[in-house]
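Working notes, structure below.
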Amino acid sequence: DVDLVVIAVPAEQAAALLAETAPDLAALAAVAVSEPCWTVMAAFSEPVAAERDCWAGSGDGVVGWAARNNAKPGRTGPESWVVQATPAWSRRHLDADPDAVMAELVAALSTALGVTLPASIGVAAHRWRYARSAAGGPGVVLDLHRGLGLCGDWLTGPRVESGWLSGTRLAERIAEAVPGVRHLRAANQRYLPGCDDQ
């Protein structure tokens, strides 16, 4: 027996899950269209001779954003860069072969930075079909009558922390509304000290 189901998936998947049981919530999810993003991580044998540690593009270009990963605080290891394609490029190449994506994004990074890249020692690609939500909304949905909770960036805004904020807010609302959840939350804080401060 389940008292409450929390759905924490991209809007497109939430709309499909809710279509029969909660068509009004499915309609809310259906208007939140996500943008795809191909992302490549490339490690190199020596430092990339670029003056900057990050690069931002826009529009219909190839690279939307790139950053020297090993320049971030607390990072160690070889020279490595994370390269994210623009939504437009990712949409056009949604079903492309990952090897072709890796080759094109690494070449585009070289062009964007205006340098010749050293030999790569490892490259990987990942396609995020639902990477960036274009919508915002009520932040969370808690429907106790139907036993449904919804959270995700598509209810908050198109930033990486938006999904976390939405999930945290939903957990707080559940803790306030559902008997017994406060006790569980207090028990969890023994293992996650300071989680309310983050």
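The values are calculated or read from the model by the stated rules, or taken from the named source; none is laboratory data. All values reported here derive from a predicted model rather than from experimental measurement. FYI the Cβ positions are ideal-geometry reconstructions off the backbone, even for glycines, and counts take in every protein chain you see. Accessible surface is based on the protein model in full, side chains and every heavy atom, while ligands, DNA and RNA are left aside. Shrake-Rupley method; radii C 1.70, N 1.55, O 1.52, S 1.80 Å.
Summary table below
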| item | result |
| --- | --- |
| Within region 173-188, tally of residues that are modelled with pLDDT of 75 or more and surrounded by 15 or more Cβ atoms within 10 Å (Cβ to Cβ) | 4 |
| Residue in region 7-28 that is modelled with pLDDT of 95 or more, among the β-branched types (Val, Ile, Thr) and closer than 20 Å to Glu104 by Cβ present | no |
| Residue in region 69-79 that is at pLDDT 90 or above, open to solvent by 20 Å² or more (accessible area, probe 1.4 Å) and among the charged types (D, E, K, R) present | no |
| Any hit, region 43-56, residues being modelled with pLDDT of 95 or more and assigned to a strand (DSSP E or B) | yes |
| Region 121-162, subset over 30 Å from Ser80 (Cα atoms) and open to solvent by 40 Å² or more (accessible area, probe 1.4 Å), residue modelled with the lowest pLDDT | Gly136 |
| Qualifying positions in region 14-31 - in contact (Cβ under 8 Å) with a residue 40 or more places away in the chain and open to solvent by 80 Å² or more (accessible area, probe 1.4 Å) | Thr21, Val31 |
| All positions within region 83-104 that are under 25 Å from Glu161 (Cα atoms) and buried (at least 19 other Cβ atoms within 10 Å of the Cβ) | Val83, Gln84, Ala85, Thr86, Pro87, Trp89, Ser90 |
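Residue by residue, here is whether (1) small (Gly, Ala, Ser); (2) farther than 30 Å from Gly136 by Cβ holds:
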{"site": "Cys37", "(1), (2)": "no, no"}
{"site": "Ala42", "(1), (2)": "yes, yes"}
{"site": "Ser45", "(1), (2)": "yes, yes"}
{"site": "Arg52", "(1), (2)": "no, yes"}
{"site": "Ser58", "(1), (2)": "yes, no"}
{"site": "Gly61", "(1), (2)": "yes, no"}
{"site": "Gly64", "(1), (2)": "yes, no"}
{"site": "Arg68", "(1), (2)": "no, yes"}
{"site": "Gly77", "(1), (2)": "yes, yes"}
